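Colleague: Sharing a structure, written as structure tokens. Questions coming.
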Amino acid sequence: MRNYEAVLIFKPDGELLAQGREFVKGLFADNECKLINEEEMGEKDLAYEIKKNSKGFYVLYKFESEPENIQAFDKALKLRGEILKYLFIRK
């Protein structure tokens, strides 16, 4: 298992935000990842519009996972409309 950090930008709408965060937690659980920390960074203005949104809600996840799971996360997150952007970093 390797340590990773992921920053996800969600649509700031309350209902979509809750759905997106539950989806991400479920995704980690389904792939047997150990979620170490989930930190809300709050709603911030975006430097440019993403999918017609000028604001986004940032959440930082710290977790342990196998390297092959990152590609599965990438495929799953691309299909979600409530997630504007995401970035995975290996620590």
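The values are calculated or read from the model by the stated rules, or taken from the named source; none is laboratory data. As the structure is a prediction and not an experimental result, all values here were calculated from the model. Using ideal geometry, Cβ is built from the backbone for each residue, glycine included, and neighbour counts are taken over all protein chains shown.
Colleague: Just to verify a result, which residue in the stretch 26-50, among those that are in contact (Cβ under 8 Å) with a residue 40 or more places away in the chain and of a type in the set (A, V, I, L, M, F, W, C), is surrounded by the fewest Cβ atoms within 10 Å (Cβ to Cβ)? It would help to see each step written out before you state the result.
Modeller: Start the filter on the stretch 26-50 by keeping residues that are in contact (Cβ under 8 Å) with a residue 40 or more places away in the chain, which leaves 27, 31, 50.
This time we only want the ones that are of a type in the set (A, V, I, L, M, F, W, C), so: 27, 50.
Values: Leu27: 16, Ile50: 14.
Looking at the filtered set, the residue picked out is Ile50.
Colleague: Being buried (at least 19 other Cβ atoms within 10 Å of the Cβ) and closer than 17 Å to Lys34 by Cβ is the filter here; which residues of the stretch 1-23 pass it?
Modeller: The answer is Tyr4, Ala6.
Colleague: Yes or no: Gly14 out of contact with any Phe, Trp or Tyr (no Cβ under 9 Å at 6 or more places or on another chain), small (Gly, Ala, Ser), free of Cβ contacts under 8 Å to residues at least 60 places away in the same chain and closer than 15 Å to Arg80 by Cα?
Modeller: Spelling it out, it is not the case that Gly14 is out of contact with any Phe, Trp or Tyr (no Cβ under 9 Å at 6 or more places or on another chain), small (Gly, Ala, Ser), free of Cβ contacts under 8 Å to residues at least 60 places away in the same chain and closer than 15 Å to Arg80 by Cα.
Colleague: Determine whether Gly26 is on the phi < 0 side of the Ramachandran plot and modelled with pLDDT under 90.
Modeller: Values: on the phi < 0 side of the Ramachandran plot: yes; modelled with pLDDT under 90: no.
For Gly26, the condition - on the phi < 0 side of the Ramachandran plot and modelled with pLDDT under 90 - is not met.
Colleague: Pairs, please: C-beta under 8 Å, at least 6 apart or cross-chain, first residue touching a residue at least 40 places away in the same chain (Cβ under 8 Å) and polar (S, T, N, Q) and in the stretch 65-91, second surrounded by 16 or more Cβ atoms within 10 Å (Cβ to Cβ) and part of a loop (DSSP other than H, G, I, E, B)?
Modeller: Ser65/Asn31; Ser65/Cys33
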